[in-house]
Amino acid sequence: MRIHDRITDYASATQNQLSNWLHVPGWLLFPIVLLVVAVIADLVLHVLLKRMEQRLRNSPRRWDDPIIHGVRTPLRWWLWTTAILLGAGAVGAHFEIKELTTILTRGGALITLLLFAWGGIRLFRRLEQRLVFPPVNCHAKPVDPTSASALTKIVGAVLIVTLILIGLQILGVSMSSILAMGGFGGLVIGFAARDVIANFFGGMVVHLDKPFVVGDWIRSPERQIEGIVEDIGWRLTTIRTFAGPPLYVPNAWFSQISVETPTRMVSRRLWETVGIRYQDADAIENITNDIRSHLQQHEEIDQDELITVNFSTFGQYSLDIIVYAFTRETDWQRFHEIKQGILLKIRDIVISHDAELAIPASRVYLPEGIERESSRHQRQTADVGSQPAERRDNAKRPGPSDDADGEA
């Protein structure tokens, strides 16, 4: 005997008992009783499961709290759905609507599957949070967000596919027909959705190989991709760019491009060129020695890495000193603070040797016989200034001949 037949027989027996006891038609009284029972059971489940969830949040286990969270709301919906469907079935049986019973039975099974899927999704989401952030008194180690997300997504996908196959069986679809159609349909779908499938397998590879995880700073030298990874989905990876807007990258790209993960660096490189004037060539050796000593004694410089301070080349307007080292600090903001302090100290070292930092300058050579206007004026001024005072006064004072010429 099938399950819905047993349910029908039990509902009929209950109707007859209620009808004999209260002298009211059973088909009318039975749905009302079911609704009253559903209200009482719903209130009891709401209070009981809510208190259980609040109490189990402090449990050292990761799974008990997610289970209660997953089944609490779907169970209440299933209770109301069952009560409504049973009441509708009693009314349909009274009026001898045979098709209604079959429809309600299949509908109830499908609704139960949907509620089960809903509860599973709620369970996996809460479990993912518990894996990443375990309870305070839990001795298990936290799982990184990328692994937790991949695990819950895989289990959730298996659950959804299984429930879909069960639902097709409930609707009367044969599994052999599904498998037969799957061969041809798989080819058609695979050809039409090859990009989607490529992105799906690309996301799977990212989850397995873990070239980056959620929260990492990544960039690609081949494409304009740089930012913080916010989510790794099965089709797209969400990257929050430093300019602000999110960037959605298809997962298939990551199998075709190179990706850098600066977040995983163990040190940051300091590589600068310091220019000294040509007039200070005699102080180059002492300056490089002092800069090297300063870096070797600096507490933020990684002494296990290469430290290079040498005069490198004769520049167009300066003598260039290369400064090459690595800092232990990898944070971008803190690194630039350390870099600023080192550059200011290099400036002080250069000044302490009576030298100066070079700036772009040009020297103009004039052909012989050509004088600048300013030089000629300065020489004339100097000649006038070297004359005796009386001669200068006589040169300035007008003579009689001047007056006569003026009168004339």
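Read-outs throughout are calculated quantities, based only on the coordinates presented, and are distinct from any laboratory measurement. Because the structure is predicted, anything quoted here is derived from the model rather than measured. A quick note on method: Cβ atoms are made from the backbone with ideal geometry, for glycine too, and the neighbour counts reach across all protein chains shown.
Numbers below:
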quantity: Cut-off 15 Å between beta-carbons: net charge of the residues surrounding E356, Lys and Arg +1, Asp and Glu -1; calculated: -3
quantity: ³J(HN,Hα) computed for each position of the range 126-132 - Karplus, 6.51 cos²θ - 1.76 cosθ + 1.60, integer Hz, glycine/proline x; calculated: 5, 5, 4, 5, 5, 5, 6
quantity: Rounded Å value of the spacing that divides the Cα centres of the range 289-360 and the range 268-282; calculated: 8 Å
quantity: Formal net charge of residues neighbouring A83 (Cβ-Cβ distance under 15 Å; K, R +1; D, E -1); calculated: 0
quantity: Whole-Hz ³J(HN,Hα) from phi, Karplus 6.51 cos²θ - 1.76 cosθ + 1.60, for the range 106-120, glycine and proline x; calculated: 5, x, x, 5, 5, 5, 4, 5, 5, 5, 5, 5, 4, x, x
quantity: Under 11 Å, Cβ to Cβ, from G215 - net charge with Lys/Arg +1 and Asp/Glu -1; calculated: -3
quantity: Cβ-based exposure ranking for H336, H294, in which fewest neighbours within 10 Å come first; calculated: H336, H294
quantity: Paramagnetic label zone (point 7 Å from Cα along Cα-to-C-beta, V44; backbone N under 18 Å) in the range 75-107; calculated: 75-84
